[in-house]
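Peer 1: Below are the structure tokens for one structure; questions will follow.
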Amino acid sequence: MISLRHIRKRFRDGEREVEVLRDLDLDVARGGFTAVVGPSGSGKSTLLYVAGGLDADFEGDAVVAGSDLKSLSARERAAFRNGSVGFVFQSFNLLPALSAAENTLLPGLFVPRGAPAPSLGQLRGRALEALDRVGLADKAERLPGRLSGGERQRVAIARALLSRPAVLLADEPTGNLDAVSGEAVIQLFSAMVRDGVTVLVVTHEERVSEAAEQVLHLEGGRLR
Ligand SMILES: Nc1ncnc2c1ncn2[C@@H]1O[C@H](COP(=O)(O)OP(=O)(O)O)[C@@H](O)[C@H]1O
Ligand SMILES: [Mg+2]
């Protein structure tokens, strides 16, 4: 479901060039749960941005959810990001003036050009379904400010699931959570995996990797 081959990624830092990923290979099977663990600055976010089509400026081959990311046009890549993958970040990125349901349905408003636009009623229905999957059906009308940190992250996960993506990519998803809320989020990822979603989490926290089927360590720009 995720196949990265010979990935290289360099950043220019003034005169210096920093090679963050060096000849990195990664395979995640369909329905697999993989954790990539590494210290701060080791390139975890960079790896996730490549796999998620957020960063197309890399060397090597990346095939994710059936798309060869190198061969996509900018518009195709946008459609890939909107439909094939869901993103979860450390800082939940919810809009404070919108309810949990509105935050969840928001990405559904950005339809790739040429694709049929769902009605607001349809989107609402899908948002409530996604909130139900994360155990928040009863808090759909709450504003983020009236939710706990763990609940906010579960809204962010519901939002990531809105398009029913094959792949869920999470960047330090428990970084802002206490142990109990973090555990609930990890349990949720395991439940998604049981539903057939492919999950890739990058983290520096060992407790996340305990739930994963495959744990890889990012060191010197490569996985082992
Ligand atoms: N846009 C960028 N420009 C320059 N350097 C970057 C950029 N993004 C990341 N880096 C560098 O790449 C390295 C890896 O960053 P990152 O992938 O964010 O690591 P991690 O997520 O593991 O903390 C760091 O040294 C960082 O400074
Ligand atoms: Mg990071």
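The values are calculated or read from the model by the stated rules, or taken from the named source; none is laboratory data. Fair warning: this is a prediction, and the values are worked out from it, not measured in the lab. Positions of Cβ are generated from backbone atoms using ideal geometry, with glycine treated the same way; all protein chains shown enter the neighbour counts. The accessibility values were calculated without ligands, DNA or RNA, using every heavy atom of the protein model including side chains. Shrake-Rupley method; radii C 1.70, N 1.55, O 1.52, S 1.80 Å.
Peer 1: Counting Lys and Arg as +1 and Asp and Glu as -1, what is the net charge of the other residues whose Cβ lies under 10 Å from the Cβ of LEU4?
Peer 2: -2
Peer 1: Another question, if that's okay. If I stretch the segment between VAL18 and ASP178 completely, what's the gain in nm (0.36 nm per residue apart, minus their alpha carbon distance), one decimal?
Peer 2: Full-extension gain reported as 54.2 nm.
Peer 1: What is the sum of charges around GLY83, taking Lys and Arg as +1, Asp and Glu as -1, for the other residues whose C-beta is under 12 Å from the C-beta of GLY83?
Peer 2: Counting the neighbours of GLY83, the net charge comes to +2.
Peer 1: Tally Lys/Arg at +1 and Asp/Glu at -1 over every other residue whose Cβ is under 11 Å from the Cβ of SER190; what's the total?
Peer 2: It works out to a net charge of -3.
Peer 1: What distance in nm separates the two pseudo spin-label positions at LEU95 and ARG164, each 7 Å out from Cα along the beta-carbon direction?
Peer 2: Going by the 7 Å Cα→Cβ label model, 2.5 nm.
Peer 1: While we're looking at this one, here's another question. So with the 1.4 Å probe, I'd like the accessible area per residue for region 121-224, rounded to whole Å².
Peer 2: On a per-residue basis, 44 Å².
Peer 1: Shifting gears a bit: Round to a whole number: what % of the accessible area of the chain belongs to carbon and sulfur, probe 1.4 Å?
Peer 2: The nonpolar share, carbon plus sulfur, comes to 49 percent.
Peer 1: Please list, by residue number, everything in region 39-65 whose backbone N is under 11 Å from a paramagnetic label point 7 Å out along Cα→Cβ of ARG8.
Peer 2: 59-60
Peer 1: In nm², what is the average projected area of the convex hull enclosing the Cα atoms of the chain?
Peer 2: Orientation-averaged projected area of the Cα hull: 12.5 nm².
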